[in-house]
Amino acid sequence: MMSLLDRLIAEIEDSPVSDVIIGIYATLVCGERCGLSSTLRYGIRPHRPVQSCGELTKESTAGLAKLVKSDYLIEAAIGMAAINASLPTDSIRGPILNAKDLIYEKGEGRTVGVIGHFPFVEQNHPFAELIVFEKFPTKNDLRESDIPEHIPRADVVALTATSIPNHTFGSIMEHVREDAYVVMLGPTTPLSPILFDYGIDAISGSIVRDRELVTQQVKEGISFKNIEGTDKITIFREDYAR
């Protein structure tokens with residue numbers, strides 16, 4: 001099977017780039033549409049310039065999208081945002097739904113594994129057990145290296161979409177049970193049915209509706225959870241069954 005990244009890149013609709021903003025928490029690329037990604041800053045030693053820095057807006061979104069394969073994670077975040085700016089989302093139809101509500105519904109009374117320390121893990125929940133994996137663990141989080149041992153116990157898996165640009169998606173999914181219900185979430189999430197071919201059951205992402213508002217917020221260092229001007233959309237595998 002063609003790799004997930006290659007298929008996402010092949011699906012995009014190319015357009016000239018008007019803006020590339022690398023905020024401290026979010027990266028934004030705007031062409032005909034705008035797309036977001038988490039700014040991936042960890043493990044960047046030594047610091048080095050981004051490819052074509054200062055001339056990124058001379059590229060097309062398809063050109064920037066190829067950066068998602070970079071091992072330099074700031075470049076990979078630009079590539080992911082370019083993909084999200086270029087996917088044909090105009091035809092996407094899904095409910096305006098917060099992923100947390102879906103995870104609570106599917107996870108009630110069950111074991112839930114969450115990859116990424118999302119804000120909802122701090123709240124009261126209806127799960128029988130909650131296992132949180134985090135690259136930089138806090139409190140009761142397990143480490144990323146604990147995924148192979150513990151994620152097979154999860155009936156429901158909530159997977160951060162940053163696993164795509166940080167190149168851990170494939171190694172994580174190797175350890176997820178085939179019968180587990182898997183939700184990919186976060187504004188980095190590509191709203192593409194292609195993900196259903198790689199074990200995802202529900203895709204919860206964001207579509208930028210207010211370009212000017214989102215641009216200003218990213219420039220001012222807003223965190224993802226506080227970004228306004230987007231619609232949180234969820235699409236489901238059963239609606240795209242072939």
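What the table below lists for this structure:
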quantity	calculated
Conditions (1) at positive phi; (2) over 13 Å from the mean Cα position of the chain (by Cα); number of the one not met by Ile131	(1)
Of residues in the range 104-143 being of a type in the set (Val, Ile, Thr), without any contact (Cβ under 8 Å) to a residue 40 or more places away in the chain and touching an Asp or Glu at 6+ places or on another chain (Cβ under 9 Å), the one farthest from Val176 (Cα to Cα)	Val121
In the range 223-242, the residues that are within 21 Å of Ile78 (Cβ to Cβ) and either more than 17 Å from the chain's Cα centre (by Cα) or among the small types (Gly, Ala, Ser) (or both)	Ser223, Gly229
Lone unmet requirement of (1) surrounded by fewer than 22 Cβ atoms within 10 Å (Cβ to Cβ); (2) β-branched (Val, Ile, Thr); (3) part of a strand (DSSP E or B) for Val121	(3)
Among the residues listed as Gly113, Gly109, the single one being outside the structural domain of Asp14 (by TED's automatic domain parsing), buried (at least 19 other Cβ atoms within 10 Å of the Cβ) and over 20 Å from Ser206 (Cβ atoms)	Gly113
Scan of the range 56-75 for residues that are touching a strand residue (DSSP E or B) at 6+ places or on another chain (Cβ under 8 Å) and within 19 Å of Leu4 (Cα to Cα), ordered by number	Thr61, Leu64
Candidate set: the range 61-102, residues that are of a type in the set (Ser, Thr, Tyr) and out of contact with any helix residue (DSSP H, G or I) (no Cβ under 6 Å at 6 or more places or on another chain); chosen: the one surrounded by the fewest Cβ atoms within 10 Å (Cβ to Cβ)	Ser91
Enumerated strands (runs of 3 or more DSSP E) restricted to the range 1-91, each holding at least 3 residues that are not hydrophobic (A, V, I, L, M, F, W, C)	34-38
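The values are calculated or read from the model by the stated rules, or taken from the named source; none is laboratory data. In this text, all values refer to a predicted model and were calculated from it rather than measured experimentally. Neighbour counts are summed over all protein chains in view; Cβ atoms, including those assigned to glycine, are modelled from backbone coordinates with ideal geometry.
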